[in-house]
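The values are calculated or read from the model by the stated rules, or taken from the named source; none is laboratory data. Given the structure is predicted, the values throughout are model-derived calculations rather than measurements. A quick note on method: Cβ atoms are made from the backbone with ideal geometry, for glycine too, and the neighbour counts reach across all protein chains shown.
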Amino acid sequence: MTADILTELNLLDEHHRLEAKACRSGELGTSFFETVCAFSNEPKLGGGTIILGVSRDEDDPASDYEAHGVTSPDQIQLEIATGCANRFNVAVRPKITLEEYEGKSFIIVEIEERPAGEKPLYFAKQSLPRGAWRRIGSSDQRCTDDDMIVFYGNRSGESHDLILLPHASLDDLDPDEIEYYRTLRRRANSRAEELAWNDHDLLASLNAIRKNDQDIWTPTLTGLLLFGTRMAYRRELPMVRVDYIRVAGKAWVSDSEERFEKTVDMRGPLLPMVDRVLAAVMDDLPKGFELVEGQVQANTPTLPARALREAIVNALMHRSYREHQPTQVIRYSNRIEIRNAGFSLKNEDSLGETGSQLRNPTLAAVFHETNTAETKGSGIRTMRRLMKENGFSLPTFESNHRDSFFVSRFLLHHFLSESDLRWLSGIPSSLSDSQRIALIFLREQGAVDNQTLRQLTGSDVLTASAELRKLKDLNLLEQKGKSSATYYLPGPDLPERELPKSEAEHGTLDPSHGTLDPNHVTLAPSHVTLEPSHVTLEKELPAKILTAIRDLGKKPALKIRPVILQLCSFRPYTVAELSMIFGGRNPRALKNDHLKPMIRDRSLSYTYPDMEKHPKQAYRTTNS
């Protein structure tokens, strides 16, 4: 088993069902039991395996896992059995195997997934939800209130969309919006019995209004989201809106003076909001022109509106309304991103499968009954089918459990177009379809990872990993990050430009291909980035900021954050630059103690918000 697990680790890295622990000191540590808890809890995972005595160089993500073994294996086995029996709310009975391999001892621990009625497992000395853990990708994540929906459904209490809004009244519900609901419901089912009821009874049946402790009918969150007046939205739900943002280029703009080409803020009831957002996006899309041979009339290929509509519906229906932030639809030059608060309650590997986990079940029922949303659990599958049928690359989805957001991404051009094929012809290698897709996606987005390639091609973890490793071996990709954060950037032999049409047609390649000519290849950032010196950094800073830095003294911990805000409002800075500016302060401590908390409270933002581990990642002060 040890040899097989080592092979799997070096081929796939740690993944959702496999975890490696070094255990060099002979002590397990809390992280071991967090993984036990996560494997026990994660729905449809089937448990997982932990191997003790295996590790790799954390500073080199491309290094292989090494088998160094464990000391005191009998003591460790006893600690595992005792800890699993006593640390949790109920006893866990793992299967523990001791193996000898290459003269060293290894411990393999197999954890079974607990039955649904016995979840969540949690640490006995901690309360829910923080005491429970889930397995998200190859990482263990502490549970939140939203995760309790996965384990309990509505048994844990009423869903958040049923909360009463104490400062709202029935006057805050718009009769025109109620009539709009009736119109949609009539189209879906003209015989629906609730159509005959008066408005009050209709609202009560939809749980849009309920009685409060004083026996007064009061709007619920669902009621205001579906039927609220514009004034009520402004007063009660000021951040529940959709922002349509058009950005020049392929990346978020750092210049606060010229950040956006266009912004539209939309606020109001959710059912008509779907078509308002869709219209704003579709009206702004480029209209292509294509005359198919043998046809008299030209086609104008563009993204299928129904696929975009499904993504908008998903964002509004499944978002977390606990978070006070708008939903964003961001139009870049090459793609559209739809970003909403709240991670997916379904595991990312299950996206597109039938069935759904509903964060807002009352709200979702209305979306389904009015045919605003697809059949339960089929929205993502429908998006993929429509994009494929129309010749576009499949949409990709990112669910971030730690920072609680979800992103849908759509590329704007027909996949493997003539331009793509000309560019690919400049790569002197026989590539599989999956590898070609990976490179095209990387050209458009700047990076690619295993999960994205799986979504684009429908392949499994093993196949996607093999395809990416082959591209890395060909120097077309360069690996960055580690474990669950592994991703790939352009490698030194990946051409930056597409071949001219004449060269592509005659099969000729520029003789300089493969050299370090910047006109023909993309150099990975680690090859060309040179950090400025402390003196250079000081020279560019205004006197006011320099004075603030010097006034910090030897113990700047309490006063450093306001200075960071001043610095990062001047221009974005990397953690290495900030470390240098603050006199060589430990970069890891600076990042963990200050930068990450400032990201969480939104006083700072990333220059590469979609890729925290980006090698050029820098921090900027937000408008707030």
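Looking only at the range 572-623, filter to residues that are of a type in the set (Lys, Arg) and assigned to a helix (DSSP H, G or I); which one of those is farthest from the chain's Cα centre (by Cα)? Here the answer is 588. If you go through the range 327-342 and keep only what is part of a loop (DSSP other than H, G, I, E, B) and either crowded, with 19+ Cβ neighbours inside 10 Å or of a type in the set (Ser, Thr, Tyr) (or both), you end up with 332, 333, 342.
Looking at 369, 389, just one residue is touching a residue at least 60 places away in the same chain (Cβ under 8 Å) and surrounded by fewer than 17 Cβ atoms within 10 Å (Cβ to Cβ), and that residue is 389.
Would you call residue 7 assigned to a helix (DSSP H, G or I) and modelled with pLDDT of 95 or more? Against the criterion (assigned to a helix (DSSP H, G or I) and modelled with pLDDT of 95 or more), residue 7 does not qualify. Within the range 411-431, identify whether any single residue is under 15 Å from the mean Cα position of the chain (by Cα), crowded, with 20+ Cβ neighbours inside 10 Å and either over 22 Å from residue 616 (Cα atoms) or in the same structural domain as residue 310 (by TED's automatic domain parsing) (or both), and answer yes or no. No, the range 411-431 has no match at all.
Considering only residues that are crowded, with 17+ Cβ neighbours inside 10 Å and not hydroxyl-bearing (Ser, Thr, Tyr), which ones fall in the range 447-465? 447, 448, 449, 450, 451, 453, 454, 455, 456, 461, 464 - these are the residues of the range 447-465 that are crowded, with 17+ Cβ neighbours inside 10 Å and not hydroxyl-bearing (Ser, Thr, Tyr).
Contact map, the range 16-38: residues that are surrounded by 15 or more Cβ atoms within 10 Å (Cβ to Cβ) paired with residues that are polar (S, T, N, Q) and in a loop (DSSP other than H, G, I, E, B), Cβ distance under 9 Å, separation 6+ or inter-chain. Pairs shown: 16/138; 16/347; 18/138; 19/138; 23/71.
Scanning the range 450-475 for residues that are of a type in the set (D, E, K, R), modelled with pLDDT of 85 or more and under 12 Å from residue 437 (Cα atoms) yields a single hit, 467. Counting only strands (runs of 3 or more DSSP E) wholly contained in the range 113-223, no element carries 1 or more residues that are surrounded by 14 or more Cβ atoms within 10 Å (Cβ to Cβ), on the phi > 0 side of the Ramachandran plot and among the hydroxyl-bearing types (Ser, Thr, Tyr). Among the residues making up the range 73-102, those that are surrounded by 13 or more Cβ atoms within 10 Å (Cβ to Cβ) and assigned to a loop (DSSP other than H, G, I, E, B) are 87, 89, 92, 94.
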